[in-house]
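The block underneath contains the structure these notes are about, expressed in structure tokens.
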Amino acid sequence: MLELEALSRHKDGLAVAIRKLRKHAGLTGERLGARCAMSQSKISKIETGRIVPSVLDVERILHALDAPATVTAEVTALARLANTEFQDTRSLLRKGLEKKQYELSSLETATTDFRFFLPAMMGSLISTPDYIRASLAHVRGSTEKAMAKKLERQSVLYDTSKKFSFVLTESAVRWPVCDPGTLAAQLDHLISLSRLPNFRLGVIPVLARQLRGPLNTFTVYDEWLVTAETFAGVVVMRDPHDVALHLGLFTRFEQAAIFGDTARKRITEWADDLR
């Protein structure tokens, strides 16, 4: 009826699918909005692709349209795709790494509660200039603008209206991105940050028993967006189901971590070993 397979290959496939379903049901946008407690204006923006509806919004619309189970499953799958974005590494490098830093800065301005899971190395928000410089050594061309913006972003950590939770593996803390002296200074910096009133630092010892492997870095922004990093790029997820999944993962990793003075003592020992 809707040729959903073809629609799924079109960037506006979700909007087209919802519009066709509404017309097939013989409803106006106003009537559909009344059925699913949305304004006619929002329905119109969804159908024209001006806004991307959440998966929950789509589920409400499909329920209001009494869509068949097979159609519901396919359109919901389109909604999940529409709420997932992939930013590939090559494009990021081509545009300039500083462009990504401006995007991250905007996210950080709009977010109150941050959860960072770092299984491989320390992120730029908690890094010293020398550590950041070493982490960018593999990038061709100038990285000075990107580095300057990374350091500028760190001021958000001192905004006490925001809350930061970092969980790192022991491997991430001790990974030799740089020379031993630079890494020791980075660990000292991490200990200093851990004393901020709005900063919670957890470290998962290498011998801690885990329910599952730490596959990739991810960040949860409040409860509305998740970013996950791979070698190939960054996956941005807005689907509430994906956000809930990563909140659950973060909680499990938190439960395996050490915090407070116990974590600081362990990090200090590692820093002393480096010296």
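The values are calculated or read from the model by the stated rules, or taken from the named source; none is laboratory data. In this text the structure is predicted, and so the values were computed from the model without any measurement. Glycine also receives a Cβ, built like all others from the backbone with ideal geometry; neighbour counts cover every protein chain displayed.
Data for the structure
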{"quantity": "Leading residue by the ranking (nearest to residue 269 (Cα to Cα)) among those in the range 187-235 that are out of contact with any strand residue (DSSP E or B) (no Cβ under 7 Å at 6 or more places or on another chain) and of a type in the set (Lys, Arg)", "calculated": "195"}
{"quantity": "Sole exception among (1) modelled with pLDDT under 90; (2) of a type in the set (S, T, N, Q); (3) in contact with a Ser or Thr (Cβ under 9 Å, 6 or more places away or on another chain) for residue 106, by number", "calculated": "(3)"}
{"quantity": "Matching residues, the range 86-102, being under 13 Å from the mean Cα position of the chain (by Cα) and loosely packed, with under 14 Cβ neighbours inside 10 Å", "calculated": "86"}
{"quantity": "The range 263-275, residues that are in a helix (DSSP H, G or I) and either of a type outside the set (Val, Ile, Thr) or under 28 Å from the mean Cα position of the chain (by Cα) (or both)", "calculated": "263, 264, 265, 266, 267, 269, 270, 271, 272, 273, 274"}
{"quantity": "Listing of helices (runs of 4 or more DSSP H) fully contained in the range 12-88 that carry 1 or more residues being touching a Leu at 6+ places or on another chain (Cβ under 7 Å) and of a type in the set (Phe, Trp, Tyr)", "calculated": "none"}
{"quantity": "Extreme residue, nearest to residue 168 (Cα to Cα), among residues of the range 112-142 that are among the β-branched types (Val, Ile, Thr) and surrounded by fewer than 19 Cβ atoms within 10 Å (Cβ to Cβ)", "calculated": "112"}
{"quantity": "Residues within the range 138-158 that are at positive phi and at pLDDT 95 or above, tallied", "calculated": "0"}
{"quantity": "Matching residues, the range 193-228, being over 18 Å from residue 173 (Cβ atoms), loosely packed, with under 14 Cβ neighbours inside 10 Å and β-branched (Val, Ile, Thr)", "calculated": "none"}
